[in-house]
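Colleague: I have a structure here, written as structure tokens, and I will follow up with some questions on it.
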Amino acid sequence: MILHGYFRSSAAWRVRIVLGLKGLTTDSRYQHLRKGEQLSQEYLAVNPQGLLPSLVLDDGTVLTQSLAICEYLNEVQPDPPLLPSDPAARAQIRGFAQAIACDIHPLQNLRVLKALAGLGQTPDQTQDWARTVISNGFDALERLVVDRPGPFAFGDSPTLADVCLIPQMGNARRFGVELRWPRLEAIDAACSALPAFAAARPDVQPDAE
């Protein structure tokens with residue numbers, strides 16, 4: 001398998017975590033987002049959206065969108081499971097993950113911040129926008145899991161919820177969000193102690209700057 005990613009892409013970060021949890025390896029290709037390499041004709045032939053990550057399977061099949069890739073990896077390598085067998089519990093975990101991947105992250109990613117800058121927003125204003133989006137989202141996430149047993153978001157083992165939360169916590173720190181969500185921070189600490197999460201951090205990737 002070939003994983004197209006970028007060290008700072010939180011979507012690619014999610015997939016790296018799952019690969020680590022599943023004990024799977026890939027060949028890596030790097031598309032530098034700030035240099036626009038994801039928009040090259042060569043990469044657009046892989047993923048017409050020009051987004052990261054993309055996973056190219058051994059037979060040439062291309063998978064896009066991080067949550068779809070994570071669920072594929074969970075299906076082909078069921079242990080350890082990232083989703084429970086109970087349908088309602090599965091839906092709750094997916095809902096938490098999608099709150100990040102669909103509602104928080106897209107509004108503070110590089111494409112949106114560049115668009116805001118193009119509309120005349122100053123760097124301070126775009127950074128404040130990102131911090132506000134993340135903070136509002138974290139307020140809701142904290143309430144979703146505050147009364148659940150840990151140490152992870154939904155119990156005693158990591159799930160798709162944790163896979164999405166940890167990169168978003170990294171984004172929060174990068175944008176200078178003042179962390180004030182005890183349950184989310186406790187989950188972050190529990191995950192950070194696991195080798196799969198530690199090895200997926202942006203700063204230890206081969207393309208890290």
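Colleague: Asp147 - would you say it is among the acidic types (Asp, Glu), open to solvent by 20 Å² or more (accessible area, probe 1.4 Å) and in a loop (DSSP other than H, G, I, E, B)?
Modeller: Values: among the acidic types (Asp, Glu): yes; open to solvent by 20 Å² or more (accessible area, probe 1.4 Å): yes; in a loop (DSSP other than H, G, I, E, B): yes.
Yes: the conditions hold for Asp147.
Colleague: Mind telling me which of the residues Cys164, Cys102, Cys191 ends up being under 30 Å from Arg29 (Cα atoms), of a type outside the set (A, V, I, L, M) and in contact with an Asp or Glu (Cβ under 9 Å, 6 or more places away or on another chain)? Before the answer, list the steps.
Modeller: Details: Cys164 fails: in contact with an Asp or Glu (Cβ under 9 Å, 6 or more places away or on another chain); Cys102 fails: in contact with an Asp or Glu (Cβ under 9 Å, 6 or more places away or on another chain).
Result of the check over Cys164, Cys102, Cys191: Cys191.
Colleague: Conditions first: (1) in contact (Cβ under 8 Å) with a residue 24 or more places away in the chain; (2) in contact with a Ser or Thr (Cβ under 7 Å, 6 or more places away or on another chain). Leu116 passes all but one, so which condition is the exception?
Modeller: (1)
Colleague: I'd like the residue in segment 1-26 that is assigned to a helix (DSSP H, G or I) and of a type in the set (D, E, K, R) and, out of all such residues, is nearest to Asp203 (Cα to Cα). It would help to see each step written out before you state the result.
Modeller: Kept after step one, since they are assigned to a helix (DSSP H, G or I), are these residues of segment 1-26: 10-22.
Restricting the remaining residues to those that are of a type in the set (D, E, K, R) gives 14, 16, 22.
Details: Arg14: 14, Arg16: 13, Lys22: 21 Å.
The extreme case among them is Arg16.
Colleague: How many of the residues in segment 152-209 are open to solvent by 40 Å² or more (accessible area, probe 1.4 Å) and assigned to a helix (DSSP H, G or I)? Talk me through it step by step, then tell me what you get.
Modeller: Going through segment 152-209, the residues open to solvent by 40 Å² or more (accessible area, probe 1.4 Å) turn out to be 154, 156-157, 173-174, 176, 178-180, 182, 185-186, 189, 192-195, 199, 201, 203-204, 206, 209.
Then keep just the ones that are assigned to a helix (DSSP H, G or I); that gives 173-174, 182, 185-186, 189, 192, 195, 199, 203-204.
Here the count works out to 11.
Colleague: Yes or no: segment 27-47 includes at least one residue that is open to solvent by 20 Å² or more (accessible area, probe 1.4 Å), modelled with pLDDT of 95 or more, under 17 Å from Ala200 (Cα atoms) and charged (D, E, K, R).
Modeller: yes
Colleague: Filter segment 96-134 down to the residues that are among the β-branched types (Val, Ile, Thr) and either outside any helix (DSSP H, G or I) or within 20 Å of the chain's Cα centre (by Cα) (or both), then identify the one that is surrounded by the fewest Cβ atoms within 10 Å (Cβ to Cβ).
Modeller: Filtering segment 96-134 down to residues among the β-branched types (Val, Ile, Thr) leaves 100, 104, 112, 122, 126, 132-134.
Of the ones still in play, those that are also either outside any helix (DSSP H, G or I) or within 20 Å of the chain's Cα centre (by Cα) (or both) are 100, 104, 112, 122, 132-134.
Working: Ile100: 26, Ile104: 25, Val112: 16, Thr122: 10, Thr132: 14, Val133: 21, Ile134: 23.
Within segment 96-134, the match that is surrounded by the fewest Cβ atoms within 10 Å (Cβ to Cβ) is Thr122.
Colleague: Still on this structure, please answer the following. Kindly indicate the residue of segment 12-26 that is open to solvent by 10 Å² or more (accessible area, probe 1.4 Å) and among the small types (Gly, Ala, Ser) and also farthest from Cys164 (Cα to Cα) among those meeting that condition.
Modeller: Gly23
The values are calculated or read from the model by the stated rules, or taken from the named source; none is laboratory data. On a predicted model such as this, the values are computed, not experimentally measured, just so you know. Using ideal geometry, Cβ is built from the backbone for each residue, glycine included, and neighbour counts are taken over all protein chains shown. Quick note on the areas: whole protein, heavy atoms, side chains included, nothing else; ligands and nucleic acids left out. Shrake-Rupley method; radii C 1.70, N 1.55, O 1.52, S 1.80 Å.
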